[in-house]
Amino acid sequence: MNLTADISDVELKQRWRLYWIHCIFEFSNSRLQEMSWIQGTEASWPDEAWESSFEDCLSAYFDNLALDDAYVKAIENANVSQIEADKARAFHILAYAYIEPSEDPKEILEDPEWIEIVVLAKVFWDYLKVSVTSQREIDLMTKLEKDFS
C-alpha cells in the first residue's frame, strides 16, 4: 500500500513540474504571449490554441502553483531545488511586483518593465534547458520551443 502512495506523490511532483515548465515558458516567450493574449483563435497554432491572457499567466504561476511565497513551499515539497528557486528569483520578484499599465494586452507586451520580465524569464528558461534531467521535462521543453520559436 505504501508503494502506491509513493508513486502518486512522485507523479504529482512530476505533473507540478510540467505545469511549472509551461508557466515559465509562457512568461519567457513573447511570441506565445502575442498569439494567446492578442490573436487568440485567429493565431496560427501548431496544435490546439493555448488559451491564456495576462491574468491567466500570472494566476497559473502564482496561484495555481502556490508560488506567491517565493518558492518556500515548492522547496519544502521538493518540487524545485534551492538552486532552481535561486535562479528563478530575479524573474519571480519582478513578475510578482509588476503592475500592468492597462488592461490592453498589447500595451503590456510593449511595456519596458514587462519586456524585462520576459527577458529574465528567458534567462531562467535557458538555465532550465541545460539543467533538467527528467526525460518528460526535456521532451516538453523541446516541444514547446519547436512549436513557438
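Things worth noting here:
- Within the stretch 94-147, tally of residues that are within 15 Å of the chain's Cα centre (by Cα) and either closer than 17 Å to Gln33 by Cβ or of a type in the set (A, V, I, L, M, F, W, C) (or both): 19
- Some residue of the stretch 34-57 being touching a residue at least 40 places away in the same chain (Cβ under 8 Å) and closer than 23 Å to Val130 by Cα: no
- Residue match in the stretch 89-112 (condition: in contact with an Asp or Glu (Cβ under 9 Å, 6 or more places away or on another chain), under 24 Å from Gln14 (Cβ atoms), free of Cβ contacts under 8 Å to residues at least 60 places away in the same chain and surrounded by 13 or more Cβ atoms within 10 Å (Cβ to Cβ)): no
- Taking the stretch 113-149 as the range and being β-branched (Val, Ile, Thr), surrounded by fewer than 16 Cβ atoms within 10 Å (Cβ to Cβ) and more than 24 Å from Trp45 (Cβ to Cβ) as the test, the residues that pass are Val119, Val123, Val130, Thr133.
- Applying a threshold of 7 Å to beta carbon distances and a minimum spacing of six or more residues, or different chains, the list of pairs starting in the stretch 68-82 at a residue that is in contact (Cβ under 8 Å) with a residue 12 or more places away in the chain and over 15 Å from Phe124 (Cα atoms) and ending at one that is surrounded by 13 or more Cβ atoms within 10 Å (Cβ to Cβ) and among the aromatic types (Phe, Trp, Tyr) reads Asp68/Phe62; Asn79/Trp16.
Rule-based calculations on the coordinates, nothing more; no lab input. This is a predicted model, so every value here is computed, not measured. Cβ atoms come from the backbone with ideal geometry, glycine included; neighbour counts cover every protein chain shown.
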